Amino acid sequence: MTSSAQRPPSLFRSFLKGEASGGIALMIAAALGLIVANSALAPAYFAVLKTYVAGLSIHHWINDALMALFFLLVGLEIKREFLDGQLSRWSQRILPGLAAVGGMVAPALIYVAFNAGNPETLRGWAIPAATDIAFALGVLALLGKRVPLSLKVFLTAVAIIDDLLAVIVIALFYTEELSLFWLGLAGGALLALVLLNRLKVMALLPYLLVGAVLWFLVLKSGVHATLAGVALALTIPLTPSPAAPDAADSPLHILEHALHPWVAFLVVPVFGFANAGVSLAGMSWAALLAPVPIGVAAGLFLGKQVGVFGITWLAIRLGLAEKPARASFAQIYGVALLAGIGFTMSLFIGMLAFDESEALQAAVKIGVLAGSLLSALCGAILLVLAAPKPRPG
């Protein structure tokens, strides 16, 4: 068995560096998308996204195919951390787990409160329930040493569990009409992946080839195609090959580290550029305060801080979990505010919830941008103010 000293640095720790810089790239890409959508280039921008190639629009290729790589990385990270990382023991899971659940329930309830009585807009209840790891850690990176490492780890753990819950929500609530024929074929492809795992196949190529087939079959089945990425991730072996016992040589570690820069610096920024673009022409206060944008914005900004901080404070006070090392409650509250940055996953769920209404999609984008920006600014300001004052030399 590989000793802990021989294990490669957890990607959980790498997230605190690489993913943070990826978050800054996402911020730039999202800002560019918003600028282009409100410039003379807007007609070309929207026309390109609606252009069909091989049966899917460019927009769908980005959201259904490119984002499958994002979900593949999410699945690899979830498996890695739950089996061999910072979430491998129940004592490590309790606080971020409770915080993640609170951070999904409270925003959803706030959204529902603003949209009660309208079945069409109620479909978006899960939009403000997810935290964007890259964006949130990008803000933390800009704050540097003002935030203790324990809180960066806590926020990442909350976001990882949050992603797991979001994947479950997408599978259960945002799946359209199912084709049993294609779903059966997809099940066969998944069984083939499980068989490869059981046979201890360590080469990645067979998994990736069957995974590509699985993606196509899931796309045809009616289940959202990106979930094929998660299913593939869960079958990639974490155990190293007997011929190369170093944990860094396990197929999961190899694929995870290979995917990370592509997802952080290409997939997610392209998604942000393609999905943040919303025309603000003729925007009025009435439009901003409509049930969908105000429900999303309030869910992210108010719901996340109430859910994440409220449950965290309660769990610590009741002795269910320990407070993150060298962190004050004011700093924990600042991190709870940053959890309201829901950009990537919130936009993604919004596109699923209102896939047939461009007007509601635009309303979602406004709410996500407003709620995420407000959460980022207020969280950053509070963390700066709550940072310990340097002792005089």
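The values are calculated or read from the model by the stated rules, or taken from the named source; none is laboratory data. All figures in this text were calculated on a predicted structure; none of them were measured in a lab. Positions of Cβ are generated from backbone atoms using ideal geometry, with glycine treated the same way; all protein chains shown enter the neighbour counts. Surface areas here come from the heavy atoms of the whole protein model, side chains and all, with no ligands, DNA or RNA. Shrake-Rupley method; radii C 1.70, N 1.55, O 1.52, S 1.80 Å.
Observations on the structure shown:
- Each of A42 and R146 was given a label point 7 Å from its Cα along the Cα-to-Cβ line. The distance between the two points is 3.5 nm.
- Given R0 = 51 Å, the distance between the Cβ atoms of L83 and E356 translates into a calculated FRET efficiency of 0.85.
- On the beta carbon distance between A113 and L191, with R0 = 41 Å, the FRET formula returns roughly 0.40.
- Solvent-accessible area per residue for segment 122-204 (1.4 angstrom probe, square angstrom): 45 Å²
- Across segment 133-275, the relative contact order, built from alpha-carbon pairs under 8 Å that are at least six residues apart, equals 20 percent.
- Among the helices of the chain, those built from whole DSSP H runs whose Cα atoms reach 24 Å or more along their own axis and whose mean Kyte-Doolittle hydropathy is at least -0.5 are 20-37, 67-84, 90-115, 149-173, 180-198, 204-221, 358-386.
- MRE, 222 nm, helices only [DSSP H, n ≥ 4, -39500 (n - 2.57), over the chain, to nearest 500]: -20500 deg cm²/dmol
- Relative packing of peptides 218-231, 84-97, 104-117 - highest average C-beta neighbours within 10 Å first: 218-231, 104-117, 84-97
- Multiplying the residue separation of I28 and I94 by 0.36 nm and subtracting their alpha-carbon distance yields 20.3 nm.
- Rounded Å value of the spacing that divides the Cα centres of segment 31-85 and segment 332-393: 19 Å
- For the chain, relative contact order (Cα pairs under 8 Å, six or more residues apart, normalised by length) works out to 30 percent.
- Added length on full extension, which subtracts the Cα-Cα distance from 0.36 nm per residue, A171 to L314: 48.4 nm
- Note that segment 256-320 presents 44 Å² accessible area per residue, ligands and nucleic acids not counted, probe 1.4 Å.
- For segment 297-352, alpha-carbon Rg over 2.2 N^0.38 Å: 1.30
- Lysine pair count for the chain with Cα-Cα distance under 19 Å and sequence separation of 8 or more or different chains is 10.
- Calculated Rg and Dmax of the Cα atoms in Å (choose from (i) 30.0, 137; (ii) 20.8, 72; (iii) 23.4, 85), label: (ii)
- A protection proxy built from the mean count of other Cβ atoms within 10 Å ranks the segments 268-274, 49-55, most packed first, as 268-274, 49-55.
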